[in-house]
Amino acid sequence: MAKSKLHIVFLVGLGLLSAACTEEITLEMPEGRKRPVVEGSISNEYKRHEVILSYSTEMYDTEDPEMISGAEVYVNIGNDTIWFHEQDDKPGHYLSDSAAGKRNRWHHLEINVKENTLYSRPIRMYADTKMLNNATGIDSVGLLPLRNDEGLPFVDEKAAVCVCPYFQTLSDESIVYNVELYLNGKRFKNRPSKLLNLFSMKGYAGYYFNGPEMLQNNAEVPVGIMNKVYLHEGDVVKVKLYSISEDYMYFLIAQKLAVGVNPVMGAFPAMFSNLFSNCDAIGWFNATSVIEGEGVYHEAIFQEEG
């Protein structure tokens, strides 16, 4: 059993607090069942893709998880097969050779582990996921000052740079974009930002995004916000929009909400999974199509008019 120390404060008083004392007690926290965990993805980008295999750990376990080595890992796309090879310096991390997934096609992930430390039998895990369609591409990216009279929480409006892509959207309202921003070629940690860098196309599908029809009654719609303290004249900002399913969106939200949750104070969120297995594995294999575009930052956007 896992043990956790908890201090409980007893407050005694009538009307006003008159005294306080503490008593240390020990709670018996039940151990969870160890399960195989899969983290993997493939996109339509021609590059090396990764699948990570490990075993789950206790919530308060400070040690690194045990990795799953010696697995056979591959992805079938119709008659084509992409093999993943374990890295010599990173056990449990499996990389493909440079390859690309295909839009509107099903991708079948297959994982077989003959020898493992959890069961006396071989482990088989698999997932089937369809790579959704995406727009043709992003024509340009505008970097604009925030135009919102009501303001946004945790955002300094005088320093907020809105990242506004311009492109022809698809008519599919179920598309959700997972947004990544890059500054001069390096991944930008989007802060301040929303809870997650997720953007739903509901209400925008079918329009030319940030085009004349959308702007009749609105200002440009950003998919991300950057603080100008990180930007300099001539910096290049790239936005990548990964088209993901609503199911994968819920998986990402569950992951985000699970971080820092105290099981004593509330229920642990249910973990979504698209894996099938002979051993109750968990995790997600995602196939996603991506479009990208770039914009150049100019300090003049913050000059006052007139």
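The values are calculated or read from the model by the stated rules, or taken from the named source; none is laboratory data. Because the structure is predicted, anything quoted here is derived from the model rather than measured. Using ideal geometry, Cβ is built from the backbone for each residue, glycine included, and neighbour counts are taken over all protein chains shown.
May I ask you to list the residues in the range 108-148 that are in a strand (DSSP E or B), touching a helix residue (DSSP H, G or I) at 6+ places or on another chain (Cβ under 8 Å) and of a type in the set (A, V, I, L, M)?
Once the filter is applied, which keeps residues that are in a strand (DSSP E or B), touching a helix residue (DSSP H, G or I) at 6+ places or on another chain (Cβ under 8 Å) and of a type in the set (A, V, I, L, M), the range 108-148 yields Leu143, Leu144.
Identify, by number, the condition in (1) modelled with pLDDT under 95; (2) within 30 Å of Leu95 (Cα to Cα); (3) in contact with a strand residue (DSSP E or B) (Cβ under 7 Å, 6 or more places away or on another chain) that Leu6 doesn't meet.
(2)
Only one of (1) assigned to a loop (DSSP other than H, G, I, E, B); (2) surrounded by 16 or more Cβ atoms within 10 Å (Cβ to Cβ) fails for Ser54. Which number is that?
(1)
Going through the range 175-199 one residue at a time, which ones are surrounded by fewer than 15 Cβ atoms within 10 Å (Cβ to Cβ) and at pLDDT 90 or above?
Asn184, Gly185, Lys186, Arg187
Anything in the range 106-127 that is surrounded by 13 or more Cβ atoms within 10 Å (Cβ to Cβ), in contact (Cβ under 8 Å) with a residue 40 or more places away in the chain and of a type in the set (D, E, K, R)? List them, or say none.
The one that is surrounded by 13 or more Cβ atoms within 10 Å (Cβ to Cβ), in contact (Cβ under 8 Å) with a residue 40 or more places away in the chain and of a type in the set (D, E, K, R): Arg124.
Which of the residues belonging to the range 37-65 are modelled with pLDDT under 90 and not aliphatic (A, V, I, L, M)?
Taking the range 37-65 as the starting set, the residues that turn out to be modelled with pLDDT under 90 are 56-65.
Matches in the range 37-65: Ser56, Thr57, Glu58, Tyr60, Asp61, Thr62, Glu63, Asp64, Pro65.
Would you mind stating whether Asn274 is under 18 Å from the mean Cα position of the chain (by Cα), at pLDDT 90 or above and assigned to a loop (DSSP other than H, G, I, E, B)? Please lay out each step first, then the result.
Numbers: under 18 Å from the mean Cα position of the chain (by Cα): yes; at pLDDT 90 or above: yes; assigned to a loop (DSSP other than H, G, I, E, B): yes.
Answer is yes for this residue.
Please work out which one of (1) exposed (fewer than 15 other Cβ atoms within 10 Å of the Cβ); (2) modelled with pLDDT under 85 is the condition Asp89 fails and give its number.
(2)
Where residues in the range 149-163 are charged (D, E, K, R) and part of a loop (DSSP other than H, G, I, E, B), which of them is modelled with the highest pLDDT? Step through it out loud before you land on a result.
Filtering the range 149-163 for residues charged (D, E, K, R) gives 149-150, 156-158.
Keeping just the survivors that are part of a loop (DSSP other than H, G, I, E, B) gives 149-150, 156.
Working: Asp149: 54, Glu150: 50, Asp156: 66.
Across the range 149-163, the extreme among qualifying residues is Asp156.
Lys202: touching a strand residue (DSSP E or B) at 6+ places or on another chain (Cβ under 7 Å), among the basic types (Lys, Arg) and at pLDDT 90 or above, yes or no? Before the answer, list the steps.
Working: touching a strand residue (DSSP E or B) at 6+ places or on another chain (Cβ under 7 Å): no; among the basic types (Lys, Arg): yes; at pLDDT 90 or above: yes.
In short, no.
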